[in-house]
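To start, the structure itself, in structure tokens.
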Amino acid sequence: MTTHDLPVIAAVDGSTHSRQALDWAAREAARRGLPLLIVHVMPLTRNVDEETRQREADELLAASVRRTELIAPALRPATLAPLDFPAAALVSLARDASLVVVGSRGLGGFRSLMIGSNSLATASMASCPVVIVQDSGSEEDDRPQDDGAACTDIVAGVAADESSEAVLEFAFATAAARPGARLRIVHGWTMFSSMLSGGPVFDRESAAGSAERSLSEVTAGWEERYPRVEVVREPVNGSASRTLVTASATAALTVIGRRKGGESLGLGLSPVAQTTVTHALGPVAVVPC
């Protein structure tokens, strides 16, 4: 199996959030022509006997397969029910996946929390991109939700260095799979960041010009690879996370990066990524880079 055939993994646990994640994953797998793997991680608990736990998992996975048939009838999803801690299982499975899709919170999640611990841990440690799908509908309405066709923008937050390559690759591929999608590439800068990068220190106009040139250099060549994708570059003076959170309200997907290498030390997302994931108003993809 090549990297282009690796599945989209949808994590389900019976919650409203995970059903919305399943809907998003099924549509994305169909768009990209990728297989779909529906995963329910059976919790490590002594409160439920093994037979009951397996029966409930089988019922949930069967219902999830039926749900995908309403969204993407051509998909023939596979299912898996490992016995493990949810984040640990998903991080392990991510090694052989194109994409992992999770809900923002699962069963038992505190309503006061905007994102659950398992979703955050998976996004912080997985070796492939992880999409966190925010709650977008009523818990009483169990029908598959509209895929938000009116929201066509893909928004990508980038740094002005080589670490943005993986973010741009994922963002362009995502936009290319959605006919008519526009890709907005956002780069936040401040006078302090300009100074740290060796740019202008006291002249704001010069710093703005430098940021614009840096963004052009980072994104050079991508439009030639994806000529059908409309691109808008947005160097923003100020908070990148605030701009990304605002843009997420009308975006089909917001894409941000996570630097690899700190997982074993317990290092999670950067402040920009953490803020965007926590407060976004739409789906967010976290891409290791």
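For region 1-86, what is the accessible area per residue in Å² when the probe is 1.4 Å?
Here the residues of region 1-86 average 52 Å² of exposed surface.
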Worksheet item: What FRET efficiency would be calculated for the residue pair ARG225, LYS260, taking the C-beta separation as r and a Förster radius of 22 Å, to the nearest 0.05?
Response: 0.45
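The values are calculated or read from the model by the stated rules, or taken from the named source; none is laboratory data. Nothing here was measured: the structure is a model prediction, and the numbers come from that model. We place every Cβ from the backbone using ideal geometry, glycine too, and count neighbours over all the protein chains shown. SASA here: full protein model, heavy atoms, side chains in, ligands and nucleic acids out. Shrake-Rupley method; radii C 1.70, N 1.55, O 1.52, S 1.80 Å.
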